[in-house]
Amino acid sequence: MRSMQLAQIRQIEAVGFRAWPASSVHYDGSWAIRLTANHPSKRLNSVNPLDPGDTDNMEERVAHAIQRFKAHGRPPVFRLSPLAPKELDAYLEGLGWPRFDESFIMVADLEKIDFSDAIDQLPLQDIDRFIDAAIEVHQDDPALKPGLFEVINAIVPARGLFVIEEGSEPVSTAICVQDGALAGLFNIGTLADRRRKGHGRMIVKTAIKWAVQHGAKRGWLQVEADNAGAIALYEKLGFAEAYRYAYRRAPDA
């Protein structure tokens, strides 16, 4: 049963890497070291151990990873899912690396979701237009635009860029990446003063309806553990927690 569970986690982790691609990936054994010069996302700039049994030479390998991150001007960060060795987590704890930003991976059977109230919307083809909308919705730094463009443009599986507008103003955005039978959701957000009006529910349903029409059977997304509002929304849509991950960063990061 445990091996089946780990196999499913590996599948979601793999499609997650393809759906949100880093500029460079280096493997040290089963540790995937992802780095992206033009975007600061932790998921794009972290060490991702992918085998609970891969514990050889941890001290030396952690030191090498630190040097690799410093050479790229990035703070050393480990992303620890259930695939990460517990010994590694304990070793980083002993080094004083704080644990932060715990998140859930949530999954849903898309065949059980009612799409009768979802919008039939074709995805945007204009990446620039989507990014401008997403930056406005999330209140992000416009300086992130080139890096976000690079990430979205590098997505190989089928991608759908979705925006809900009121008049000419974007109020909600989402990215859906359909990779075979799996559909991953990213960049979900709604303007702060437009929340609790159904926009988040609508953008998610619209995005996954598009994926279902192209063959997706299961949906997945990631959400920070302290985002109770978003978790409640996703649970109402049929998503449930599959596993958790968290980050550890160097004390001097």
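Mind checking whether some residue in segment 232-245 is assigned to a strand (DSSP E or B), touching a residue at least 24 places away in the same chain (Cβ under 8 Å) and touching a helix residue (DSSP H, G or I) at 6+ places or on another chain (Cβ under 6 Å)? If you could, list the steps in order and put the result at the bottom.
First, the residues of segment 232-245 that are assigned to a strand (DSSP E or B): 240-245.
Right, trim to touching a residue at least 24 places away in the same chain (Cβ under 8 Å) and you get 240-245.
Checking the rest, the ones that are also touching a helix residue (DSSP H, G or I) at 6+ places or on another chain (Cβ under 6 Å) come to 243.
Looking for residues that are assigned to a strand (DSSP E or B), touching a residue at least 24 places away in the same chain (Cβ under 8 Å) and touching a helix residue (DSSP H, G or I) at 6+ places or on another chain (Cβ under 6 Å), one finds at least one in segment 232-245, hence yes.
Starting from segment 201-213, keep only residues that are within 17 Å of VAL107 (Cβ to Cβ) and assigned to a helix (DSSP H, G or I), then list their pairs with residues that are of a type in the set (S, T, N, Q) and at pLDDT 95 or above whose Cβ atoms are within a distance under 6 Å, requiring at least 6 positions of separation or different chains. So the pair list comes out as ALA211/GLN178. I'm checking my understanding of the structure. Among residues of segment 107-122 that are modelled with pLDDT of 95 or more and outside any helix (DSSP H, G or I), which one is farthest from the chain's Cα centre (by Cα)? So, considering only residues that are modelled with pLDDT of 95 or more and outside any helix (DSSP H, G or I), the one farthest from the chain's Cα centre (by Cα) is ASP109. One residue stands out among those in segment 9-32 that are in contact with a helix residue (DSSP H, G or I) (Cβ under 8 Å, 6 or more places away or on another chain) and open to solvent by 10 Å² or more (accessible area, probe 1.4 Å): the one that is farthest from ILE66 (Cα to Cα), which is TRP20. Residues that are surrounded by fewer than 18 Cβ atoms within 10 Å (Cβ to Cβ), modelled with pLDDT of 95 or more and in contact with a Ser or Thr (Cβ under 9 Å, 6 or more places away or on another chain) within segment 148-167 comprise GLU150, ALA154, listed in sequence order.
Residue check: is PHE130 in contact (Cβ under 8 Å) with a residue 12 or more places away in the chain, in a helix (DSSP H, G or I) and surrounded by 15 or more Cβ atoms within 10 Å (Cβ to Cβ)? Spelling it out, PHE130 is indeed in contact (Cβ under 8 Å) with a residue 12 or more places away in the chain, in a helix (DSSP H, G or I) and surrounded by 15 or more Cβ atoms within 10 Å (Cβ to Cβ). Of all residues in segment 64-90, those that are over 19 Å from TYR27 (Cβ atoms) have Cβ atoms under 7 Å from Cβ atoms of residues that are among the small types (Gly, Ala, Ser) and open to solvent by 50 Å² or more (accessible area, probe 1.4 Å), 6 or more apart or on another chain, in PRO75/ALA253. I'd like the residue in segment 182-195 that is closer than 21 Å to PHE104 by Cβ and out of contact with any His (no Cβ under 6 Å at 6 or more places or on another chain) and, out of all such residues, is surrounded by the most Cβ atoms within 10 Å (Cβ to Cβ). Checked segment 182-195; the qualifying residue surrounded by the most Cβ atoms within 10 Å (Cβ to Cβ) is ALA183. Among residues belonging to segment 168-181 that are open to solvent by less than 10 Å² (accessible area, probe 1.4 Å) and touching a Lys or Arg at 6+ places or on another chain (Cβ under 8 Å), point out the one that is farthest from PHE149 (Cα to Cα). So the residue we want is VAL171.
Is segment 32-39 home to any residue that is in a loop (DSSP other than H, G, I, E, B), on the phi < 0 side of the Ramachandran plot and not polar (S, T, N, Q)? Checking segment 32-39: at least one residue is in a loop (DSSP other than H, G, I, E, B), on the phi < 0 side of the Ramachandran plot and not polar (S, T, N, Q). Residues that are aromatic (Phe, Trp, Tyr) and under 23 Å from LYS42 (Cβ atoms): does segment 212-228 have at least one? Yes: segment 212-228 contains one or more residues that are aromatic (Phe, Trp, Tyr) and under 23 Å from LYS42 (Cβ atoms). For segment 77-112, the set of residues classified as open to solvent by 20 Å² or more (accessible area, probe 1.4 Å) and either among the aliphatic types (A, V, I, L, M) or within 22 Å of LEU182 (Cβ to Cβ) (or both) consists of PRO82, ALA90, LEU95, PHE104, VAL107, ASP109, GLU111, LYS112, listed by residue number. Of the residues making up segment 40-64, those that are closer than 25 Å to LEU144 by Cα, open to solvent by less than 40 Å² (accessible area, probe 1.4 Å) and not in a loop (DSSP other than H, G, I, E, B) number 5.
The values are calculated or read from the model by the stated rules, or taken from the named source; none is laboratory data. These numbers come from a predicted model, not from an experiment. Positions of Cβ are backbone-derived with ideal geometry, glycine not excepted, and every protein chain shown enters the neighbour counts. Only protein heavy atoms, including side chains, enter the accessible area calculation; ligands, DNA and RNA are left aside. Shrake-Rupley method; radii C 1.70, N 1.55, O 1.52, S 1.80 Å.
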